[in-house]
Amino acid sequence: MAARAQIDAFVAQYTPEIATQLRRARADLRKLIPKGYELVYDSHNALVFAFGPTARASELVISIAGYPNWVTLFFARGKALEDPQGLLEGTGATIRSIRLAPFSVLRSRPVRALIRQALAAQADSFKQAPALTTVLKAISPKRRPRTRGGPKSRPPPNNRWRGP
């Protein structure tokens, strides 16, 4: 299956509302980041679109993740960002996030300023990167449901998974 069709299938597992938000957030970031890499992870917990100047996970800058009830914007080095509005959440060593609820928060001036600030910190690396290239990095064989109250994900055959 082609990458685009596979990504469309991943997004289609969500409710129409969350699927639309994921598509819009991804399109917005792709416009803001014309060069570099978009790494796609269909992980156990979420569908993630992560952007960086290289295909190395250690160099990611910004990502969006789709959960059953919301979409979250992550900043890989968010702790270092100036956040005068106090929008960033998280207490980890580096990563900070903003839950996009309401979704219109993504297009607000303060959030756009945080995105620009995060990208500016890696501007030289992005300038040297190729045109934006999408790479499917990881597809988890076992996933949590992508919709509220959806069917439980099933383990792959012959797995020793014991279930919830």
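Can you tell me which residues in segment 48-68 are part of a loop (DSSP other than H, G, I, E, B) and either in contact with a Cys (Cβ under 9 Å, 6 or more places away or on another chain) or surrounded by fewer than 18 Cβ atoms within 10 Å (Cβ to Cβ) (or both)? Break it down into steps so the answer makes sense when it comes.
So the first thing to find is which residues in segment 48-68 are part of a loop (DSSP other than H, G, I, E, B), and the list is 53-56, 60-61, 67-68.
T54, A55, R56, Y67, P68 - these are the residues of segment 48-68 that are part of a loop (DSSP other than H, G, I, E, B) and either in contact with a Cys (Cβ under 9 Å, 6 or more places away or on another chain) or surrounded by fewer than 18 Cβ atoms within 10 Å (Cβ to Cβ) (or both).
Just wondering, is there one or more residues in segment 49-65 that are in contact with a strand residue (DSSP E or B) (Cβ under 9 Å, 6 or more places away or on another chain), free of Cβ contacts under 8 Å to residues at least 40 places away in the same chain and among the acidic types (D, E)?
No; the residues of segment 49-65 include none that is in contact with a strand residue (DSSP E or B) (Cβ under 9 Å, 6 or more places away or on another chain), free of Cβ contacts under 8 Å to residues at least 40 places away in the same chain and among the acidic types (D, E).
Could you please find all residues in segment 29-61 being of a type in the set (D, E) and more than 12 Å from the chain's Cα centre (by Cα)?
Kept after step one, since they are of a type in the set (D, E), are these residues of segment 29-61: 38, 42, 59.
Within segment 29-61, E59 is the sole residue that qualifies.
Might you check whether a residue that is in contact (Cβ under 8 Å) with a residue 60 or more places away in the chain, more than 12 Å from the chain's Cα centre (by Cα) and surrounded by fewer than 15 Cβ atoms within 10 Å (Cβ to Cβ) occurs anywhere in segment 70-80? Reasoning before the result, please.
Here is the first cut: in segment 70-80, the residues in contact (Cβ under 8 Å) with a residue 60 or more places away in the chain are none.
No, that holds for no residue.
Filter segment 41-70 down to the residues that are in contact with a helix residue (DSSP H, G or I) (Cβ under 6 Å, 6 or more places away or on another chain) and of a type in the set (V, I, T), then identify the one that is farthest from F103 (Cα to Cα).
V61
Any read-out appearing in this document is the output of simple, stated calculations on the displayed coordinates, not a laboratory observation. On a predicted model such as this, the values are computed, not experimentally measured, just so you know. So basically every Cβ, Gly included, is an ideal-geometry build from the backbone, and we count neighbours across all protein chains shown.
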